[in-house]
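Working notes, beginning with the structure itself.
The values are calculated or read from the model by the stated rules, or taken from the named source; none is laboratory data. Every value quoted in this text rests on a predicted model; they were computed, and no experiment measured them. Neighbour counts are summed over all protein chains in view; Cβ atoms, including those assigned to glycine, are modelled from backbone coordinates with ideal geometry.
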Amino acid sequence: MNVRAVSEMEVQDGARRAPRWRMRLTPWLLMAPALSIALAFFGLPIVFMTRMSFNEHIDQRFYVPGFTFDNYAAMLTDPTFSSALWTTMRLALISSIVTVTIGYVFAMLVWLKPKRWRLLFIALALCPLLISEISIIFGWWMFFPKNGLLSYALTSSGLITDKISLMYTEFAAFVGLSYVIFILLSIFDGIDKKVLEASADLGAAPVRTFYEVLLPLTKGGVAAAFAQSFIWAIGTYATPSALGPDTLWTIGYLIQEQMLGKHNWPRAAAFSIVLTMGVAVVMVVIRMLTSKRTALNG
C-alpha cells in the first residue's frame with residue numbers, strides 16, 4: 001500500500017468523522033438560544049437565591065452577609081413551616097387531580113365532536129386564560145359570596161332556602177386553582193378515531209374501550225398535564241390567599257410573609273429553594289414513571 005492510498009483512506013475517515021461530529025453538535029447549537037435564556041432568567045436567579053439563603057438575619061436589615069445553615073435547620077423544627085408544606089401539597093394534589101379530570105373530559109369531548117364545533121369549545125376554554133389571575137380572582141369574588149351568583153342560582157332553583165357563602169373557604173381555593181389543561185387536547189389529536197370503531201367491532205363495551213384502549217394511549221399526556229398543573233398550583237400565592245380562609249397558610253404565603261412582613265430575605269430564599277427542589281423532584285419522579293410505562297408498553 002503506497003503513501004497515496006494511505007492518504008486517501010485518512011481523508012475518507014476524516015470525512016466520516018465530520019458528519020458524526022456535526023450531528024452531535026447540531027442539537028446543542030439549536031438549543032443554545034433557549035438554554036441561554038433559561039440560564040440568564042432562571043439559572044442565575046437560582047444561584048443568587050441559593051447564596052441569599054445562607055446569609056444571616058440579625059437585626060432589622062434585610063440580610064447580613066455570612067454563611068449559616070440556620071435558615072434550613074429552622075424548617076425542621078418550625079411547626080408553621082411543616083403545616084404550610086402539608087397544606088400546599090394537599091391543595092396542589094387535589095386541584096391537580098380535579099384539573100386533569102376536567103381537562104381530560106373536555107379534551108375527549110372536543111376530540112369526539114365534529115371539527116366545526118372544535119373552535120367553539122377551544123374558544124370557551126381559552127377565555128379564562130386570556131385574562132390575568134387577578135381578574136379571575138375578582139370574578140370568583142362575584143360568584144362565591146352570600147349575595148353572589150352561586151347563591152342566587154341555588155336559591156332561585158329551589159335547591160336551598162337560605163343564601164350561602166363559599167367565599168374564604170378551602171373549596172373556593174380549590175376551585176380557583178383548577179384550570180383546563182390543553183396538553184391533553186394535543187394528545188387526543190394524535191389518536192386515530194378508528195381504534196374506537198375497531199374496539200367496538202371486537203365486542204368491547206365503551207367502558208372497557210376507555211380503560212384498555214383510550215386511557216393507555218393518553219396516559220403520557222395525563223402525566224404531563226398533572227405535572228404542569230401541580231407545579232403551577234404548588235407555587236402560586238395570590239389565588240389561595242385571596243379566596244381561602246386566613247388560616248390557609250401555604251409556602252407561597254410564608255415566603256411573602258418572610259420577604260415583606262418580617263424582612264427576612266435569607267429565610268424567604270431558603271423557603272423558595274426548598275419549594276424549587278420539591279418541584280424538581282416531582283418533575284423527575286413523573287418523568288421516571290412515564291419512561292418506565294413507555295418502556296413496558298414498548
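Test residue 228 against the criterion of being assigned to a helix (DSSP H, G or I), under 21 Å from the mean Cα position of the chain (by Cα), farther than 13 Å from residue 88 by Cα and at pLDDT 85 or above, and give yes or no. The answer is no for residue 228. Applying the condition of being surrounded by 12 or more Cβ atoms within 10 Å (Cβ to Cβ) and basic (Lys, Arg) to segment 280-295 and asking which residue is modelled with the highest pLDDT yields 287.
Cβ-Cβ distances below 8 Å connect the following pairs, each with a first residue in segment 232-261 that is free of Cβ contacts under 8 Å to residues at least 40 places away in the same chain and within 27 Å of residue 57 (Cα to Cα), a second residue that is of a type in the set (Lys, Arg) and crowded, with 17+ Cβ neighbours inside 10 Å, and a separation of six or more residues or different chains: 258/267. Scanning segment 178-192 for residues that are more than 16 Å from residue 125 (Cβ to Cβ) and in contact (Cβ under 8 Å) with a residue 24 or more places away in the chain yields one hit, 191.
If only one of 255, 251 is at pLDDT 85 or above, in contact with a Leu (Cβ under 7 Å, 6 or more places away or on another chain) and under 30 Å from residue 52 (Cα atoms), which one is it?
Numbers: 255 fails: in contact with a Leu (Cβ under 7 Å, 6 or more places away or on another chain).
Answer to the selection: 251.
In segment 43-69, which residues are of a type in the set (Asp, Glu) and at pLDDT 90 or above? If you could, list the steps in order and put the result at the bottom.
At the first step, the residues of segment 43-69 found to be of a type in the set (Asp, Glu) are 56, 59.
Result: 56, single match.
Here is a check on your reading of the model: is residue 101 under 17 Å from the mean Cα position of the chain (by Cα) and either closer than 30 Å to residue 211 by Cβ or of a type outside the set (Ser, Thr, Tyr) (or both)? The answer is yes for residue 101.
Give all pairs with beta carbons closer than 6 Å in which a residue from segment 262-283 that is over 24 Å from residue 62 (Cα atoms) meets a residue that is among the β-branched types (Val, Ile, Thr); count only pairs at least 6 apart in sequence or on separate chains. That search, which allows pairs on different chains as well, returns 279/231. Based on this model, can you work out whether residue 223 counts as touching a helix residue (DSSP H, G or I) at 6+ places or on another chain (Cβ under 8 Å) and part of a helix (DSSP H, G or I)? Yes, satisfied.
In the set (1) touching a Ser or Thr at 6+ places or on another chain (Cβ under 8 Å); (2) closer than 30 Å to residue 65 by Cβ, residue 225 fails one condition alone, (2).
Let's see how each residue does on (1) surrounded by 14 or more Cβ atoms within 10 Å (Cβ to Cβ); (2) within 30 Å of residue 239 (Cβ to Cβ); (3) out of contact with any strand residue (DSSP E or B) (no Cβ under 7 Å at 6 or more places or on another chain); (4) not basic (Lys, Arg):
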| residue | (1), (2), (3), (4) |
| --- | --- |
| 123 | no, yes, yes, yes |
| 129 | no, yes, yes, yes |
| 158 | no, no, yes, yes |
| 167 | yes, yes, yes, yes |
| 186 | no, yes, yes, yes |
| 208 | no, no, yes, no |
